[in-house]
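The values are calculated or read from the model by the stated rules, or taken from the named source; none is laboratory data. Source: prediction; values computed, not measured. Note: ideal-geometry Cβ built from the backbone for every residue, glycine included; neighbour counts use all protein chains shown. Note: accessible area is taken over every heavy atom of the protein model, side chains too, but ligands, DNA and RNA are not part of it. Shrake-Rupley method; radii C 1.70, N 1.55, O 1.52, S 1.80 Å.
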Amino acid sequence: MLGCLFMLGGGLAFASSGKEVAGNPVSENRLKARYYYLEGAMQNAQHNTLEAYEYFKKAYLTDPTYVEAAHAYGSMRLMIKTEAVQNPLELQRSMRMVQEYVDTYPGDSYESRFYAYLATQLDSLSEAIRIYERLDSLYPKETLNLVQLADVYMADHNPTMAINALTRYEKAEGKSPQVSLKKMSIHLTAGDTVAAVNEASALIDYNPKEPAYRILKGNLFEVIGNNDSTLTYYKQAEQLNPASGMAKISLANYYKNVGDSTAYDEKMYEALLSEDFDLDEKTSILQEYLQTLLNDSSDTSRGDYLFTVLMEQYPHEPTVLDLSARYSGAKGDFKMAEEQIGYAIDLNPSEVNYWGQLMRYQLAEDRGKDAMQTYHRAAEHINIPDGLKLMYATAASIEKNTKAAEDAYSELIHAIEPTLPLTDSITDRSILSRLSYDGLMRLSTYYNMLGDMYYQADQLKQAFRAYDNSLFFYPQNQMTLNNYAYFLTETGGDLDKALEMIKEAVAADPENPTYLDTYAWVLFKRKEYAEALKYQQQAIEAAIKEGDDAAEFYHHYGDILFMNHQPEDAVENWKKALEMEPDNALLKKKVTHKTFFFE
């Protein structure tokens, strides 16, 4: 494949090569080469890249001394993404073709810069330096060459020359935070922190009233690890411009790093009240801040207050309502989250993500009927994506509406491959070669979810066929292997098959508490109680570590402990499970009688 060809030197050169001598006759080869070259230029102007390439190639092969043709052909070779011309030897050959042109026409600054850039990418740093230095000599007023030259000097591990180039740039253009930051970085790379600090000080001296320069110096001290100086310069920046949002954000991050949450909150509030930032910037800042608050789930009042402040500023902004809903949902307040995202939908019903959020909040409370109604409302405003179809199928399963769930899965599956059955076994392996990797993965996922739905509907035959079909498309699908193994075990199925499947899932993800729990439960059903106890203990430990322990884990743990002749420990774990699942009649029976009962 050919990439897009860049413009060559502001337009292809139509003159004959500078190597020709006035009055000398033009050779026949040169005339032919020029014809091919001009045809290539015409094709290139019409965006016929392949045809242009062939004409430039003919021009170069007809007369390799024709530097315009060499440049055009070499440039296009560099754009071709094939192994034949992208190996190191061929890349260097292409570069030599381009080099002939830039050395013949050193005044063509555009092509010289591009050639120097290519040389840098190919680690030909000495060549890049040669070209940039020549450009600097030819065009001393084009100071951008100095910045590019400094970058190449640094790549060549020559910080002194890099600093000299940037200093010359500053003499011509004046101080700027971008160039000062580059110089500070060079000094730090060279291990000269004193020079880096002096550079930051020089920038402040250049314009003492600019807060951004003091923030830059504060950032430098933060990198160095000097917290006292960091705080000093951030405060100076804020004093210079008390309304500066950037100074407040810098202070907020400082307080966060030193663990002063009160000062951190105060500066975040002030930053969000400032007029420096637009709505998008404020929501971006808020997202980062809220993640910090959610990590500290012990105190949500800080985030609640912050949203009150922001809602007063932007009472009718869907993006703020969206963020507020996400925060409420993360706290587990799904009723409030639903109300907030509902307002956002009213303001912008064409936003797909808002409908998905609303369905998620409803599904979190097992309100399948409401989620299904939301789906149908959404269909009036948006093109329904696959993610919402999956949520609709889940909602239908919650409502035990097997037909609606089947229809949703059928639509998803047949959008990928129309010939596939829902419940019959798939045996035609030629299907696999017709599908992309993404298609295989999605089909495996859909059939796994279909199997879960059928199992919940007590349609075991259809469930296990769906699981088989899931593994047909992706035999290593860990979720399918786990669910299939667990449900086989629960229904008195093939325990040997269940054991092999769950072994594979655990081998792929040995820290997954759900897989470990299933593994232990299969062993329990096989009456391998000691081994089951080992894996159930690992499951509990992994669940606690992830903060994802569930009643079922402790219920299983109690049963396994009882069969390992540890009745007191068994009862304690049944009690833990009952606290999480107080309506479980079997657990109540085990706790009351302090003994094991089969279901």
>> Can you tell me which condition Thr423 does not meet? The list is (1) part of a helix (DSSP H, G or I); (2) in contact with a helix residue (DSSP H, G or I) (Cβ under 6 Å, 6 or more places away or on another chain); (3) open to solvent by less than 60 Å² (accessible area, probe 1.4 Å), and all the others hold.
In response: (1)
> Hey, any hits in segment 105-123 for a residue that's at pLDDT 90 or above, aromatic (Phe, Trp, Tyr), open to solvent by less than 20 Å² (accessible area, probe 1.4 Å) and more than 30 Å from Asn198 (Cβ to Cβ)?
Replying inline: yes
> In segment 371-408, how many are closer than 20 Å to Ala457 by Cα, without any contact (Cβ under 8 Å) to a residue 60 or more places away in the chain, part of a helix (DSSP H, G or I) and not basic (Lys, Arg)?
Replying inline: 15
> If you scan segment 409-420, which residues turn out to be open to solvent by 30 Å² or more (accessible area, probe 1.4 Å) and either touching a Ser or Thr at 6+ places or on another chain (Cβ under 9 Å) or not in a loop (DSSP other than H, G, I, E, B) (or both)?
Replying inline: Glu411, His414, Ala415, Ile416
> Taking segment 258-286 on its own, how many of its residues are closer than 19 Å to Pro242 by Cα, free of Cβ contacts under 8 Å to residues at least 24 places away in the same chain and assigned to a loop (DSSP other than H, G, I, E, B)?
Replying inline: 1
> Among helices (runs of 4 or more DSSP H) lying entirely in segment 49-152, which contain 2 or more residues that are of a type in the set (Val, Ile, Thr) and closer than 22 Å to Ala172 by Cα?
Replying inline: 125-138
> Of the residues that sit in segment 236-277 and are more than 18 Å from Thr308 (Cβ to Cβ) and of a type in the set (Lys, Arg), which one is most open to solvent (accessible area, probe 1.4 Å)?
Replying inline: Lys256
> So which of Tyr474, Tyr392 is open to solvent by 40 Å² or more (accessible area, probe 1.4 Å), modelled with pLDDT of 95 or more and at negative phi?
Replying inline: Tyr474
>> Quick check on segment 172-187: of everything there that is over 25 Å from Ser126 (Cβ atoms) and assigned to a helix (DSSP H, G or I), which residue is most open to solvent (accessible area, probe 1.4 Å)?
In response: Gln178
>> Scan segment 477-484 and tell me whether some residue there is surrounded by 19 or more Cβ atoms within 10 Å (Cβ to Cβ) and farther than 30 Å from Ser436 by Cβ.
In response: no
> Regarding Tyr169, is this residue surrounded by 17 or more Cβ atoms within 10 Å (Cβ to Cβ), closer than 22 Å to Asp276 by Cα and without any contact (Cβ under 8 Å) to a residue 40 or more places away in the chain?
Replying inline: no
> Which of the following residues is within 24 Å of the chain's Cα centre (by Cα) and over 21 Å from Asp304 (Cβ atoms): Tyr409, Tyr327, Tyr437?
Replying inline: Tyr437
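Listed here are the residues, each with its yes/no results for (1) open to solvent by 60 Å² or more (accessible area, probe 1.4 Å); (2) modelled with pLDDT under 95.
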residue	(1), (2)
Ala530	yes, no
Gln536	no, no
Ala543	no, yes
Leu561	no, no
>> For Met359, only one of the following conditions fails: (1) modelled with pLDDT of 95 or more; (2) surrounded by fewer than 23 Cβ atoms within 10 Å (Cβ to Cβ). What is its number?
In response: (2)
> Can you pull out the residues in segment 556-582 that are among the β-branched types (Val, Ile, Thr) and closer than 17 Å to Thr514 by Cα?
Replying inline: Ile560
>> For segment 327-347, give me each residue that is closer than 14 Å to Ala378 by Cβ and open to solvent by 50 Å² or more (accessible area, probe 1.4 Å).
In response: Asp346
